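*Asks:* I'd like to ask some things about the structure below.
The values are calculated or read from the model by the stated rules, or taken from the named source; none is laboratory data. Given the structure is predicted, the values throughout are model-derived calculations rather than measurements. Reconstructed Cβ throughout: ideal geometry from the backbone, glycine too, with neighbour counts over all protein chains shown.
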Amino acid sequence: MPTEAGAQAPARGSLAYDPRVRAAVYQIVLVLLVTFLIYEAATNAIANLRAAKIASGFGFLEVTSGFDISQTLVPYSAAASTYGDAFLVGLLNTLLVAAIGIVLATVLGFIVGLARLSRNWVVAKLATVYVEVIRNLPLLLQLLFWYNAVLAPLPAPRESLRIYGVTLGAPGMFASLVVLVGLAAAYLLWRATERLARSPLERTLGKIAATIIGVLAGFVLLFRSGLLEATEGGIGFLNNRGLFLPKPLFGEGAWLVPAALAVGLVGAVAFRVWAKRRQEATGEQYPVGLVAFGLIAGLPALAWVATALVAGNPISFEIPQQQRFNLRGGLQVLPEFVALLVGLVTYTAGFIAEVVRAGILAVSRGQTEAAASLGLRPGQILRLVVVPQAMRVIIPPLTSQYLNLTKNSSLAVAIGYPDLVQVFMGTVLNQTGQAVEVVAITMAVYLTISLITSAFMNYYNSRMAIVER
Amino acid sequence: MKRAIATIAVGLAASLFAGAAFAQSTLNNVKQKGFLTCGSNPGLAGFGVPDAQGNWTGLDVDFCRAIAAAIFNDPTKVRFIPLSAKDRFTALQSGEIDVLARNSTWTMSRDTQLGLDFTGINYYDGQGFMVRKKLGVSSAKELNGATVCTQQGTTTELNLADFFRSNNMKYEVVAFATADETFKAYDAGRCDAFTTDASGLYAERLKAANPDEHIVLPEIISKEPLGPVVRHGDNQWADIVRWVHFAMLNAEELGVSKANVDQQLKSENPEIKRLLGTEGKFGEAIGVTNDWAVRIIKHVGNYGEVFERNVGAGSPLKIQRGQNALWTKGGLQYAPPIR
């Protein structure tokens, strides 16, 4: 600001009255002052720690930790790992819950935000109640609630709820006949209703009846005909130690599957870009969604089947086994993780919903009316006209909600989820006693995560901003 | 959580700007304030727990009252600061409390790397396990594959890893910030076993929905000498805290109790005379009055009385003296003589 003013009024006389010189001097003095303060604080802290005979320095990161952690995304053991490894484990756990939480909170937040604007009275009021209740209760309280709500109704490991897998079998004669007759009847009734119904009521009733018959036939086909058979024993288990799922084990040639997925993703994006250009040039529309699904889901499946045929099944599953106390093996999802995730997602979604609502209301009504007069359907208006314009208002406050979610994940400490604060500021700080170093590292980490998130969102925001022509 | 942040903030602030706080003697500081600030367990029956009226009771609480009695002749001049395991040493380092009497285990690293000094052992303990009876487990060696709940920032957390490792057993750990959360999770079925110091197991079991459903396994897997802690470098203050404990032990050994202390003032036994200050100037040598031990015994009692009242026969815990009996009765509690 001062430099601009200086540019307009050319400097005359003494340098002390030159606004540009003054601005520079003030800034240099401020920087020196801040540097001096930081230097003084650091040297003073070091001197005082020495005087009080408290160990200092970052050497502790190399020392063997000696304690175990419940959820580790990288190999970790009390005997062989260091405090530095414990730090990494905590950091990854924080990033895991934050990343999944941000995605889910965004989805839920958009749904609730749109629901608040719905013309359906019940839906709108339900969304309002959700937002008002969730936003006005402390997050810590909600986390404790979810932890107990997740933990309390679940059975002990020996009485685990089982999740059964299915295998394909040959359907029985009689059941197949029932299914065929049922499906045919449903189809005929549907067509007949469309032609012969004399009033809307008759039409509705006829269609409901046809649907019921069709669903019943489908049920028989899936569960009673022998086409699908439940596996013996569960493949997954749910108990108060968490959710246990089969864990994929990657054998020879398994890399083809993720490689195919990558190719599919790239192909889907490329097709979308191409289709958009085509549409702008010729007006011709393509089924982008269907093709993308085919590429993303179909290619890896094809790769899997092909590898299985040539070299044997590349991906096998490790099924959790019941042991004396617990289930062993497989993939374990901790109840602490679920409680923290649910708590953070529902809480943050309450705020995101309001951000979304504000963003949509900021798009002038004329836009909607203009789009409608062009013949767009309500869904298309929302997707093609309203939301893209609303995003410009939504993204900046959305960024702060993402940062909040990440920072709030440190409340994990209350429910025993081993995030960065719980592991590093809790156990490591206590076992080493090096509060200054541990707190400084933790603050630096949260600052870095937040700045990276902000930088990414700012980039996205500049992409979404109105392009002036 | 708030407390943790406050403690750390105070710790940082103190270490950054308040170098002078350490230079002043803790005794003078306490006298100036008019009360002792004592770090206590936020809720461990028998050791440190506030009742419905907010009155603190417990073995460690009475230890702080004894220090206050020695300095002020008034055991109520103590302000108790409830501290979780993970906040306790930071609170002492930063000067927020004058003494930490919170069933803390004396280890070499704590004594030498945290800028702290342990002054003695007021309770000999060891780590044990509690499980549900219906699991059918009778030894800690049978816990292979179990999930164990523990409190973080404790020696317990480390001993647990050592125990399972040295016995070649697998386990899963769930660590919570406070003892209360840890036990609640165990009680809700999150864990097969709950581990802490044996005294704590008996105390926490009282909190269970149905205490009879749980048993304490016989193994003691570690040495847990629990004692009061002061800041390193203030030797006068360390002497006071150390000798308050020894005075209570000597009083028990010599048969001086709350009830008979006035009579004992007339005793001709030279050991009792030196303890009660009718001979010599031992109290003044550590910076308090010569009748310091009389004050302690009159207001709080000797070690045996304090033990029985808080954790022994006179309490719901009913813990035997065991290792905490006087050396003359086969225990480990032994005080150097006052002379």
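*Asks:* Which residue, of A:F174, A:F145, is aromatic (F, W, Y) and modelled with pLDDT of 90 or more?
*Replies:* Numbers: A:F174 fails: modelled with pLDDT of 90 or more.
Criteria check complete, one pass: A:F145.
*Asks:* Looking only at region A:326-337, filter to residues that are within 11 Å of chain B (Cβ to nearest Cβ) and not in a loop (DSSP other than H, G, I, E, B); which one of those is surrounded by the most Cβ atoms within 10 Å (Cβ to Cβ)?
*Replies:* Initially, region A:326-337 is screened for residues within 11 Å of chain B (Cβ to nearest Cβ), giving A:326-328, A:332, A:334-336.
If we keep only those that are not in a loop (DSSP other than H, G, I, E, B) too, we end up with A:327-328, A:332, A:335-336.
Working: A:L327: 21, A:R328: 16, A:Q332: 20, A:P335: 25, A:E336: 29.
Residue satisfying both the conditions and the ranking: A:E336.
*Asks:* Still on this structure, please answer the following. Scan region B:103-128 residue by residue and report those that are within 14 Å of the chain's Cα centre (by Cα) and more than 13 Å from every other protein chain (Cβ to nearest Cβ).
*Replies:* Across region B:103-128, the qualifying residues are B:N103, B:W106, B:F118, B:T119, B:G120, B:I121, B:N122, B:Y123, B:Y124, B:D125, B:G126.
*Asks:* How many residues are polar (S, T, N, Q) and either without any contact (Cβ under 8 Å) to a residue 40 or more places away in the chain or surrounded by fewer than 19 Cβ atoms within 10 Å (Cβ to Cβ) (or both) when one looks only at region A:220-277? Spell out the reasoning first.
*Replies:* Step one: of region A:220-277, the residues polar (S, T, N, Q) are A:225, A:231, A:239-240.
Filter once more, so that each one left must be either without any contact (Cβ under 8 Å) to a residue 40 or more places away in the chain or surrounded by fewer than 19 Cβ atoms within 10 Å (Cβ to Cβ) (or both): A:231.
Selection size over region A:220-277: 1.
Residue-wise test of (1) more than 21 Å from B:G304 (Cα to Cα); (2) touching a Ser or Thr at 6+ places or on another chain (Cβ under 8 Å).
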{"residue": "B:G46", "(1), (2)": "no, yes"}
{"residue": "B:G58", "(1), (2)": "no, yes"}
{"residue": "B:L83", "(1), (2)": "yes, yes"}
{"residue": "B:T90", "(1), (2)": "yes, yes"}
{"residue": "B:L114", "(1), (2)": "yes, no"}
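*Asks:* If I filter region B:244-251 for residues that are at pLDDT 95 or above, under 30 Å from A:R50 (Cα atoms) and not small (G, A, S), do I get at least one hit? Lay out the reasoning, then the answer.
*Replies:* If we filter region B:244-251 for residues that are at pLDDT 95 or above, which is where we start, we get B:244-251.
With the extra rule that they be under 30 Å from A:R50 (Cα atoms), the set shrinks to B:244-245.
With the extra rule that they be not small (G, A, S), the set shrinks to B:244-245.
Yes, that holds for at least one residue.
*Asks:* Being in contact (Cβ under 8 Å) with a residue 60 or more places away in the chain and either within 28 Å of the chain's Cα centre (by Cα) or within 8 Å of another protein chain (Cβ to nearest Cβ) (or both) is the filter; apply it to region B:129-142 and report the residue that is surrounded by the fewest Cβ atoms within 10 Å (Cβ to Cβ). Break it down stepwise before answering.
*Replies:* Of region B:129-142, the ones in contact (Cβ under 8 Å) with a residue 60 or more places away in the chain are B:129-134, B:137-141.
Still in the list and also either within 28 Å of the chain's Cα centre (by Cα) or within 8 Å of another protein chain (Cβ to nearest Cβ) (or both): B:129-132, B:139-140.
Working: B:F129: 26, B:M130: 23, B:V131: 26, B:R132: 20, B:S139: 10, B:A140: 22.
Among residues in region B:129-142 that are in contact (Cβ under 8 Å) with a residue 60 or more places away in the chain and either within 28 Å of the chain's Cα centre (by Cα) or within 8 Å of another protein chain (Cβ to nearest Cβ) (or both), the one surrounded by the fewest Cβ atoms within 10 Å (Cβ to Cβ) is B:S139.
*Asks:* When you scan region B:150-264 for strands (runs of 3 or more DSSP E) that lie fully inside it, which ones turn up with 1 or more residues that are on the phi < 0 side of the Ramachandran plot and within 13 Å of chain A (Cβ to nearest Cβ)? Step through it out loud before you land on a result.
*Replies:* Working: elements: B:171-176, B:193-197, B:214-216, B:224-231.
Correct list: B:171-176, B:193-197, B:224-231.
*Asks:* What's the number of the condition A:Q323 fails, among (1) modelled with pLDDT of 85 or more; (2) loosely packed, with under 15 Cβ neighbours inside 10 Å; (3) closer than 23 Å to B:A175 by Cβ?
*Replies:* The number of the failed condition is (1).
*Asks:* Something else: For region B:17-130, list the strands (runs of 3 or more DSSP E) that sit wholly inside it and hold at least 2 residues that are β-branched (V, I, T) and either touching a strand residue (DSSP E or B) at 6+ places or on another chain (Cβ under 8 Å) or in the same structural domain as B:F307 (by TED's automatic domain parsing) (or both); which are they? Please lay out each step first, then the result.
*Replies:* Details: elements: B:36-40, B:78-82, B:99-105, B:116-118, B:123-125.
In region B:17-130, B:78-82, B:99-105 are the strands (runs of 3 or more DSSP E) which contain 2 or more residues that are β-branched (V, I, T) and either touching a strand residue (DSSP E or B) at 6+ places or on another chain (Cβ under 8 Å) or in the same structural domain as B:F307 (by TED's automatic domain parsing) (or both).
*Asks:* Evaluate region A:68-81: report whether one residue or more is in a strand (DSSP E or B) and facing chain B (nearest Cβ under 9 Å). Give the derivation first.
*Replies:* Pass one, region A:68-81, residues in a strand (DSSP E or B): none.
The answer is no; no qualifying residue exists.
*Asks:* Return the residue satisfying two criteria in turn: it lies in region A:131-164 and is touching a helix residue (DSSP H, G or I) at 6+ places or on another chain (Cβ under 6 Å) and not aliphatic (A, V, I, L, M), and of such residues it is nearest to the other protein chains (Cβ to nearest Cβ). Steps first, please.
*Replies:* Residues of region A:131-164 touching a helix residue (DSSP H, G or I) at 6+ places or on another chain (Cβ under 6 Å): A:131, A:134-135, A:139-140, A:142-143, A:146-147, A:150-151.
Filter once more, keeping what is not aliphatic (A, V, I, L, M): A:135, A:142, A:146-147.
Values: A:R135: 20, A:Q142: 14, A:W146: 13, A:Y147: 8 Å.
The qualifying residue nearest to the other protein chains (Cβ to nearest Cβ) is A:Y147.
*Asks:* Given A:V131, A:V122, A:V103, A:V89, which one is in the same structural domain as A:G426 (by TED's automatic domain parsing), touching a residue at least 12 places away in the same chain (Cβ under 8 Å) and over 24 Å from A:F424 (Cα atoms)? Steps first, please.
*Replies:* Details: A:V122 fails: touching a residue at least 12 places away in the same chain (Cβ under 8 Å); A:V103 fails: touching a residue at least 12 places away in the same chain (Cβ under 8 Å); A:V89 fails: over 24 Å from A:F424 (Cα atoms).
Matching residue, one of A:V131, A:V122, A:V103, A:V89: A:V131.
*Asks:* Here are the criteria: (1) closer than 22 Å to B:R205 by Cβ; (2) surrounded by 23 or more Cβ atoms within 10 Å (Cβ to Cβ). Tell me which single one B:Y124 does not satisfy.
*Replies:* (2)
*Asks:* A further question on this structure: Mind listing whichever residues of region A:395-420 are more than 9 Å from chain B (Cβ to nearest Cβ) and either aliphatic (A, V, I, L, M) or not in a helix (DSSP H, G or I) (or both)?
*Replies:* Hits for region A:395-420 are A:I395, A:L398, A:L403, A:L405, A:A412, A:Y417, A:D419, A:L420.
*Asks:* Just need a number here: residues in region A:421-449 that are among the small types (G, A, S) and at the interface with chain B (Cβ under 7 Å from one of its Cβ atoms). It would help to see each step written out before you state the result.
*Replies:* Going residue by residue through region A:421-449, those that are among the small types (G, A, S) are A:426, A:433, A:435, A:440, A:444.
Among the residues that remain, those that are also at the interface with chain B (Cβ under 7 Å from one of its Cβ atoms) are: A:426, A:433, A:435.
So the answer is 3.
*Asks:* Looking at region B:294-332 only, could you name the residues that are charged (D, E, K, R), assigned to a helix (DSSP H, G or I) and at positive phi? Break it down into steps so the answer makes sense when it comes.
*Replies:* Filtering region B:294-332 down to residues charged (D, E, K, R) leaves B:295, B:298, B:305, B:308-309, B:318, B:321, B:329.
Now restrict to residues that are assigned to a helix (DSSP H, G or I): B:295, B:298, B:305, B:308-309, B:329.
None - no residue of region B:294-332 is charged (D, E, K, R), assigned to a helix (DSSP H, G or I) and at positive phi, so the list stays empty.
*Asks:* Kindly evaluate A:N430 against the criterion of being polar (S, T, N, Q) and within 30 Å of B:G153 (Cα to Cα). I'd like the intermediate steps shown before the answer.
*Replies:* Values: polar (S, T, N, Q): yes; within 30 Å of B:G153 (Cα to Cα): yes.
Yes: the conditions hold for A:N430.
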